[in-house]
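First the structure, then my questions, so here it is.
Just so you know, all these numbers are worked out from the coordinates, no wet-lab data involved. In this text, all values refer to a predicted model and were calculated from it rather than measured experimentally. For neighbour counting, all protein chains shown are included, and Cβ atoms are generated from backbone atoms with ideal geometry for every residue, glycine included.
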Amino acid sequence: MDIELISTAFAPNGIIPKRHTCDGENLSPLLAWKNVPPETKSIALIMDDPDAPIGTFVHWVIFNIPPEVTQLAEGEKGIGVEGVNDFRKVGYGGPCPPRGSNHRYFFKIYALDTKLNLDSRATKKDLEKAMQGHILAQGELIGRYGR
């Protein structure tokens, strides 16, 4: 089963508005999802940029979102546990590519059959390792941004 992940801020493969980037207010966009399996115990989300010059750059890691939650409002904090991004900060770090072509930003959501034993120092690598064997369903939304 695939989870449908959408945003009211941008269409699939659309341009992420400036307010959600380092050039604006750096607020996480509203994200909503449906088709989460009923046996889900927690939800995790990763946002990364595979087009970064240094390799995939992680912008957001969040996990242990309660299974009854079906959206994160714009800039919302306090739902789930936010991990460390590649800006070396906890929480959301919006698109901030070097000048040039548009980069793709992948928002990936996972329904898990367990709550994860990780804390706010967790990285994408830690999260991916902890999720192994626990993913019930997943979904993806891609946005673009360039400067």
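Under 5 Å between amide H atoms, partner at least 5 residues away or on a different chain: which partners does residue 14 have, H built in plane at 1.01 Å?
Under 5 Å from the amide H of residue 14: 144.
Among bridges DSSP assigns within the chain, what percent are antiparallel (round to 5)?
Numbers: 31 of 34 bridges.
Close to 90 percent.
Over the stretch 4-145, what is the mean sequence separation of C-alpha contacts under 8 Å (at least six apart), divided by residue count, expressed as relative contact order in percent? Let's see the in-between values first.
Values: 331 pairs, mean separation 44.2, N = 142.
Relative contact order, the stretch 4-145: 31 percent.
Number of Lys-Lys pairs in the chain under 21 Å by Cα, sequence gap 8 or more or different chains?
26
I've got another one for you. For the chain, what is the calculated [θ] at 222 nm in deg cm²/dmol (nearest 500), taking -39500 (n - 2.57) for each run of four or more DSSP H residues and dividing by its residue count?
Values: 1 runs with 8 residues, N = 147.
The helix-only estimate for the chain comes to -1500 deg cm²/dmol at 222 nm.
Note down the net charge around residue 147, summing +1 for each Lys or Arg and -1 for each Asp or Glu among other residues with Cβ under 9 Å from its Cβ. The partial results should precede the final answer.
Numbers: positive: 99; negative: 23.
Within the 9 Å Cβ shell, the charges total 0.
Also, I was wondering about something else. Could the peptides 58-69, 32-43 be put in order, highest first, of the mean number of other beta-carbon atoms found within 10 Å of their residues?
On the way: 58-69: 19.8, 32-43: 16.0.
Sorting 58-69, 32-43 by mean packing, highest first, produces 58-69, 32-43.
By its C-alpha gyration tensor, with a ≥ b ≥ c as the square roots of the eigenvalues, how is the chain shaped: rounded for a/c under 1.5, else prolate for a/b larger than b/c, else oblate?
Working: a/c = 1.76, a/b = 1.45, b/c = 1.21.
Note, shape of the chain comes out prolate.
Then there is this: Between rounded, prolate and oblate, where does the stretch 8-50 land on the alpha carbon gyration tensor, with a ≥ b ≥ c its root eigenvalues, rounded for a/c under 1.5, else prolate if a/b exceeds b/c? Before the final figure, lay out each step's value.
Numbers: a/c = 2.48, a/b = 2.12, b/c = 1.17.
Taking the square roots of the gyration eigenvalues as a ≥ b ≥ c, the stretch 8-50 is prolate.
Same structure, new question: So what are the ³J(HN,Hα) numbers for the stretch 75-84, from phi and the Karplus equation (6.51, -1.76, 1.60; θ = phi - 60°), rounded to whole Hz, Gly and Pro as x?
Running phi through 6.51 cos²θ - 1.76 cosθ + 1.60 with θ = phi - 60° gives x, 5, 10, x, 10, x, 10, 8, x, 8 Hz.
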